[in-house]
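These notes concern the structure reproduced below.
Laboratory data are not the source of any read-out in this text; all were calculated from the coordinates shown. Predicted model, so just to flag it, every value in this text is computed and none were measured. Glycine also receives a Cβ, built like all others from the backbone with ideal geometry; neighbour counts cover every protein chain displayed.
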C-alpha cells in the first residue's frame, strides 16, 4: 500500500509539472488574479493527493485538475457575489438617490462562467507569460514568478537553482503577486507598442533563466541543466503561441544550439571543457537541427539575416559553431561580422569583448589584444571575470606567459563559480610552467 501511494504521488508530481501552467492560466482567466489562480490550482492539487491514491489516477489527469480548479474558482466568485448582494441590501438604495446602478459582482460571475466555457489554452498561457513577466516587477521577481507559475518549480527548487535562501525566494514570489494585484495588471495579451515592450521583458526572463543554467553564476556546478530545460520549454511554448515574432524564434534558436553542446561541456570528472576543445561528436544533432530551423524561421519572418534582432543574431553566431564539423572549420570572419551587427543594435562592452575573441580567432591575438586593452577601463567590466580571462588567453598565445598567469589568477579571484575558478587556476599554473620551461 505505501508503494502504491508513493507511485501515485510521483504520477501527481509529474502531471503537475506538465499541466500546472495551463491550469493556473485557465483559472487566472476566470479570477483575473494570478496569485489567487495559483492558490486555487494548488487546492486542486491537494484534492488530487486526497482522492487519487484511493480512487486511482483518472484517464485524463490534467483535465481533472483543470476542472477541479475552475470549479473552485467559480465557487469563490459565487461566494463573493453572494456577499456583494448582501452588502448591497444593507446599503443605501442607489436608485432612490438618482444614481445609476453599479454592476454587482454577479456580473463578474457571468463573465467568468463564459470564460470557463471557452477552451483557448493558447491565449491563456500567453496571457500568463506576459503577466508573470510584467515590467512592473523587478527582473529577479519576474524570473522567480515565471519559474513558479510557468515552470512548475517549487520555491525550494528555485532557491536551490539560484543559490538563494528559500525564504528570500518565497518573499520575492509573494511580493510579485501582490505587486501585480496592486498595479491591477490585466490578465491579457497586450497589443501594439505595449506588446513589444512586454515581449522584450518575456524574452529577457527566459534568456536569463537559460544563461544561469548554461553557465552558473556561483556555486559548485558549472551548469544547471534543469534551468536550461525549463527555459527551452518556455521558449518552445512561446514560439507556438507567438509564431509571428522573429525574436522569439531567434531566442529559441540560440538556446537549442547552445544546449546541444551540454554533454560535451564537462569531462568525466565534471570539469569544464572549453568550446574549442569539445568533442563535437557529443553535440546533440537533434537540438542543432531544431535550432537551425528556428533560426531559418526568424530569418524568413524578417526577410533575411540583415534585419535580425538581438537574440536571432546570437543564434546565428551559435549556428556558425554548430555548422563547423571541426573547431578549425569555424567561420570566424562571419562571426566577427555578426558581432558587428549585434554591436550596432545592442552596443555593450560585453558584446565588444566577445567580438574581440572572434577577432583574435580570425585575425590573430595581437589585433584582439588591442581591442581588449581598450575595454580594460570600462566600469561595467571592472568586476567581470571574463575580461582578464580573455586577456590571459591572448597573452598566452603571444608568448607573454608570466602576464597571462597573472590575468588568469585575477579572473579566478573574480568568479563565484567553483568549477570555473578551478579551470582558471589550472590555466594559470600551465602558463607558469610554460614560462619556466622557456
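The table for this structure:
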| item | result |
| --- | --- |
| Three-way shape call for the range 176-314 based on the alpha-carbon gyration tensor, with the a/c threshold at 1.5 | oblate |
| Exposure proxy ranking, count of Cβ atoms within 10 Å, fewest first, for 397, 60 | 60, 397 |
| Order of 9, 124 - criterion: other Cβ atoms within 10 Å of each residue's Cβ, fewest first | 9, 124 |
| Rg and Dmax of the range 326-438, Cα atoms only, in Å | 14.4, 46 |
| Packing-based order for 288-301, 247-260, using average beta carbon neighbours within 10 Å, highest first | 247-260, 288-301 |
| Nearest 10 degrees, 0 to 90: helix 105-117 Cα axis against the chain principal axis | 60 |
| Computed helical MRE - 222 nm, the chain, DSSP H runs ≥ 4 contributing -39500 (n - 2.57), nearest 500 | -24000 deg cm²/dmol |
| Pairwise centroid distance, computed over Cα atoms, of the range 187-244 with the range 313-363, Å | 22 |
| Mean projected area (nm²) of the alpha-carbon convex hull when the range 229-383 is viewed from all directions | 10.1 |
| Neighbour-count ranking [beta-carbon atoms within 10 angstrom, fewest first] of 385, 321, 378, 4 | 4, 378, 385, 321 |
| Rounded to 10°, Cα long-axis angle of helix 225-241 versus longest principal axis of the chain | 60 |
| With Cα atoms, 0 to 90° folded angle of helix 166-182 axis to the chain main axis | 60 |
| Over the range 177-221, volume per residue of the alpha carbon convex hull, in Å³ | 103 |
| Additional length obtainable on full extension of the chain from residue 243 to residue 307, 0.36 nm per residue less Cα span | 21.3 nm |
| Kirkwood Rh in Å, taken over the chain so that all alpha-carbon pairs contribute | 24.6 |
